[in-house]
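Visitor: One structure, as structure tokens, below. Some questions next.
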Amino acid sequence: MTALSARIARTAAPLLALVWLLAACGAAGPLTAPYDAGLVEATSAYHQRAGALLAQLEDEGRAAAYADYAPRWAEAVAGADALFVRATANAQGLGDGGRALAQTINAALAAGTGGASADYAGLSLSQAQYYDLRLLVLRWRESHAAGPVSADVWTARRGQLNDAVAAVLLLETARAGG
């Protein structure tokens, strides 16, 4: 289980209780951003492109020179940025209850992983998921730029990408009732 899926598993029960409590108290405004089918499609397309990049790096292993991949890394970072921006635009419709819920969830997730809750301050849960995805891609690019990376590391990173995108899609499709 990756750190991302472990964070979700550790916080599921308390978060459900919090959602119930907020709903019972009549929290003002929507608790989540509206479902965005375009964001889900863009996330799936991003997953395919980023997965293809990691698969190629896995095939080449230590022979994959960063300079040869710099334009593709730039595309991967720009794609993650675009997803985060779209999630941010969607989060503008959250009510006070939704913002309070997001702050509580993000603080719990940061505490559960030793992360800094300030990194997630003011982000909706959806934004936080896309922020995490962006950070993963940035770390991978920096690691590749620092020197050769083994095929096993690229394989593990493909697993991390799959887990991160699965967590995002789980959250996004839950809003659509599916």
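The values are calculated or read from the model by the stated rules, or taken from the named source; none is laboratory data. What you see is a predicted model; the values in this text were computed from it and never measured. Ideal geometry is used to build each Cβ from the backbone, glycine not excepted, and the neighbour counts take in all protein chains shown. What goes into the accessible areas is simple: the full protein's heavy atoms, side chains included, and nothing from ligands, DNA or RNA. Shrake-Rupley method; radii C 1.70, N 1.55, O 1.52, S 1.80 Å.
Visitor: When you check GLY51 against the structure, is it at pLDDT 95 or above and either out of contact with any Gly (no Cβ under 7 Å at 6 or more places or on another chain) or open to solvent by 20 Å² or more (accessible area, probe 1.4 Å) (or both), yes or no?
Guide: It is true that GLY51 is at pLDDT 95 or above and either out of contact with any Gly (no Cβ under 7 Å at 6 or more places or on another chain) or open to solvent by 20 Å² or more (accessible area, probe 1.4 Å) (or both).
Visitor: How many of the residues making up region 57-96 are surrounded by 13 or more Cβ atoms within 10 Å (Cβ to Cβ) and either touching a strand residue (DSSP E or B) at 6+ places or on another chain (Cβ under 9 Å) or part of a loop (DSSP other than H, G, I, E, B) (or both)?
Guide: 4
Visitor: Select, from GLY115, GLY178, the only residue that is at pLDDT below 90 and touching a Leu at 6+ places or on another chain (Cβ under 9 Å).
Guide: Matching residue, one of GLY115, GLY178: GLY115.
Visitor: Next question, about the same structure. What tally of residues in region 124-173 results from selecting those that are closer than 15 Å to LEU53 by Cβ, touching a Ser or Thr at 6+ places or on another chain (Cβ under 8 Å) and of a type in the set (S, T, N, Q)?
Guide: 1
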